[in-house]
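A short worksheet on the structure shown next.
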Amino acid sequence: MKLLAWLLVLLNVGLLVYFNLDLIAPKPALADRSINPDKLKILSQAELDAMPKKVAAPVLEVAPVGVLDGATSCYKWGNFTKSNLPAAQVVLVRLGLDSTVNQEQGTNEDRRFWVYYPPLKSAALAQQKANEIEAMGVDELFIVQDSQWRNAISFGLFQEEQLASSLLKELQEKGVKGATKALRTPGKSLSSLLIKAVTAETALELQKIRPEFVGTELTPAACPA
């Protein structure tokens, strides 16, 4: 009986402690976070300017895909005679380029002195001869592709005859036999090609092909509206 009485006493004491825990061990008071008007200070403009500024992250402008890589422009390729114009048009079709033909009038300034090796019977023979001449130390040469002078080997085209004569002499000194110099006049009726939507890569291809068409030049041009 005594044991039961002590258990009841201990149980009552435990319940008393549990329900009065806040009084026995009070929780720490939270810091007062209210604004105290007496401690506020109005800053001057100079003090505001002296405060550290937050630097905004730079905004990167990204160009739309294809705007830079796929940029295109127009080129003028001329001047062509009636004989070499069709071959140039075939080249443009092969490169997937659209072009329009413009008729122009020739002048005395269109005359050029041409140093070349006469046309051979086939493209294979022309390439063989070109390889032989390159082995002699001649780097600047092109196999002509236009219809009138197809498979000829061009060494250069000059406005001044003296420059053409100097080149011919240099070729002869290197052992190139059969090269000749001639006055090339395209005549009064000339044509040029306005080529549209030319990419940078295609422009490089055209620059490589251009010397094969004797007397022609490739220059940037304004695109039609």
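The values are calculated or read from the model by the stated rules, or taken from the named source; none is laboratory data. What you are looking at is a predicted structure, and each value in this text was computed from that prediction instead of being measured. Positions of Cβ are generated from backbone atoms using ideal geometry, with glycine treated the same way; all protein chains shown enter the neighbour counts.
Observations on the model:
- Condition check for residue 128: at pLDDT 90 or above, surrounded by fewer than 19 Cβ atoms within 10 Å (Cβ to Cβ), within 14 Å of residue 78 (Cα to Cα) and of a type in the set (S, T, N, Q): no
- Within the range 203-218, considering residues that are charged (D, E, K, R), out of contact with any Ser or Thr (no Cβ under 7 Å at 6 or more places or on another chain) and more than 14 Å from residue 147 (Cα to Cα), the one modelled with the lowest pLDDT: 217
- Of the listed requirements (1) over 28 Å from the mean Cα position of the chain (by Cα); (2) in the same structural domain as residue 86 (by TED's automatic domain parsing), residue 159 misses just one: (2).
- Any hit, the range 160-183, residues being among the acidic types (Asp, Glu) and within 20 Å of residue 80 (Cα to Cα): no
- Considering the range 137-225, the qualifying strands (runs of 3 or more DSSP E), each wholly inside and each with 2 or more residues that are surrounded by fewer than 15 Cβ atoms within 10 Å (Cβ to Cβ) and on the phi < 0 side of the Ramachandran plot, run over 180-184, 217-221.
- You will find that of 200, 225, the residue that is modelled with pLDDT of 90 or more and either within 30 Å of residue 73 (Cβ to Cβ) or not acidic (Asp, Glu) (or both) is 200 and no other.
- Qualifying residue in the range 94-104 (condition: under 26 Å from residue 219 (Cβ atoms) and modelled with pLDDT under 85): yes
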